[in-house]
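See structure below.
The values are calculated or read from the model by the stated rules, or taken from the named source; none is laboratory data. As the structure is a prediction and not an experimental result, all values here were calculated from the model. Because the Cβ atoms are built from the backbone with ideal geometry, glycine has one as well, and the counts that use them run over all protein chains shown.
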Amino acid sequence: MVKRGRSSNDGKPWKCHCGNVNKPTKHRFFKLPAFQCGKCQTKLALDFKFCLGEIEAGGKSLIGEVYDQGNEPLCVPFAYAKAAEITERVFLINNGMDPELVIPIDPFELERRFLDKRPDGGPSGVGLTKDAGLHKVLHMGLILRSEGIQRIDVGPEVIQLEESEIFNQDGTYIAADVSSIPRDAFENICHAMAEGIPLVATYLVGKARGRVPYCKSYKSPSLRRIRDKKGKEIGHAVVLIGAGMQKGKLYFYFLNSWTKRFCARRNKKGDIIRGGIGKIRESDLTKNVIKLSPPHEAGGERRLEDQPVFDISNINYVLMKGMEKQSTAQMLQRLRDREAANGGYIPAGHDDDGIFRDDEGVHKVVVTNVST
């Protein structure tokens, strides 16, 4: 297991107005503050922050190098590739192995696999707020679980790593499982990241997306503003690696795939000290975040279901878009009960009784009741 000293960003105990002292919860890499009082349920009001980017093991970064997707619309496969790499680096560190032994998967191959599944076989450079974007995020995750992706360079290191049960014999990466966490379940997202689990997330970007100063939060343009100006809705996928709260406002740290020049911190000579990590408001996420399970870990109740067809099933749609405040757990149970009663998978749009489907046009979806 990884051993480290106490981080300055570990959560601190806090005393509620009711007199109760709320102790932080311990996780693999960070202690998190109690998000609400254990006695009176008052919410946390203290600032806090944590980021996996600050963790090193034996002088080696937990998150590895920053990727560069170039000028191509490949943010989704690059985000998945980095999330898979970090998940494996954490696994190796926890088992006393060198994280540099991890060989990244090929994001270009993941892109090709997705295109092969599209009925039209067309280009995937469509904004993430379009229906094709939702398909892309979902199906790429499922590809990593059901088929796996070849690594960039399979060399002699594979022999070493086969003993750790990360690699298959042919050197492909296969996710143990794929699941989602509601984007408004801030505490659950924080707990996952504090355990060393990166999460794939999406948000809208504007013209200033590449000019974000170091330590400043990026503010996504509102959908209304984009439409009023008749602009193009452009989405972007990144990897969440940390979070925090400042003056009551929640935010996430994310790892981008735009090289270290993104959100770069420079010394007096202009050299980049740190870069590639940005901040975004919690409310700007457009889809539920995706978790690639570490080796031997199941996805649980929010496991994405297999898709025999390209169209997104009702269950997967709820898992990808339904928020915690919308009581989607009950909806999922009704859909699963109906699926079981019908002998298995139910295609999208088949007898869905008005299940919310906004075609990615509006992010605050409305959930209607689903009868069994």
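Descriptive notes on the structure:
- Restricted to the stretch 234-275, and to residues there that are small (G, A, S) and not in a strand (DSSP E or B), the residue that is farthest from I290 (Cα to Cα) is G270.
- Yes/no for Q333 being outside the structural domain of K136 (by TED's automatic domain parsing), over 18 Å from R183 (Cβ atoms) and either touching a Phe, Trp or Tyr at 6+ places or on another chain (Cβ under 6 Å) or free of Cβ contacts under 8 Å to residues at least 40 places away in the same chain (or both): yes
- In the stretch 250-288, the qualifying residues are those that are surrounded by 22 or more Cβ atoms within 10 Å (Cβ to Cβ) and at positive phi, and the one that is modelled with the highest pLDDT is G276.
- Here G278 passes the criteria (1) under 19 Å from G206 (Cα atoms); (2) assigned to a loop (DSSP other than H, G, I, E, B) except the one numbered (2).
- The residues on offer are D106, D98, and the sole one that is touching a helix residue (DSSP H, G or I) at 6+ places or on another chain (Cβ under 8 Å), within 18 Å of L144 (Cβ to Cβ), among the acidic types (D, E) and modelled with pLDDT of 90 or more is D106.
- Yes/no for G11 being more than 21 Å from the chain's Cα centre (by Cα) and surrounded by 22 or more Cβ atoms within 10 Å (Cβ to Cβ): yes
- Among (1) modelled with pLDDT of 95 or more; (2) surrounded by fewer than 19 Cβ atoms within 10 Å (Cβ to Cβ); (3) closer than 25 Å to N256 by Cα, the one test that L32 misses: (2)
- The residue list A79, A83 contains one member that is hydrophobic (A, V, I, L, M, F, W, C), touching a Pro at 6+ places or on another chain (Cβ under 8 Å) and either surrounded by 18 or more Cβ atoms within 10 Å (Cβ to Cβ) or assigned to a loop (DSSP other than H, G, I, E, B) (or both), which is A83.
Residue by residue, here is whether (1) more than 20 Å from G275 (Cβ to Cβ); (2) in contact with a strand residue (DSSP E or B) (Cβ under 6 Å, 6 or more places away or on another chain); (3) acidic (D, E) holds:
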residue: D10; (1), (2), (3): yes, yes, yes
residue: F35; (1), (2), (3): yes, no, no
residue: E56; (1), (2), (3): no, no, yes
residue: P77; (1), (2), (3): yes, no, no
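- Subset of the stretch 58-71 (residues that are of a type in the set (G, A, S) and within 28 Å of L250 (Cα to Cα)): S61, G64
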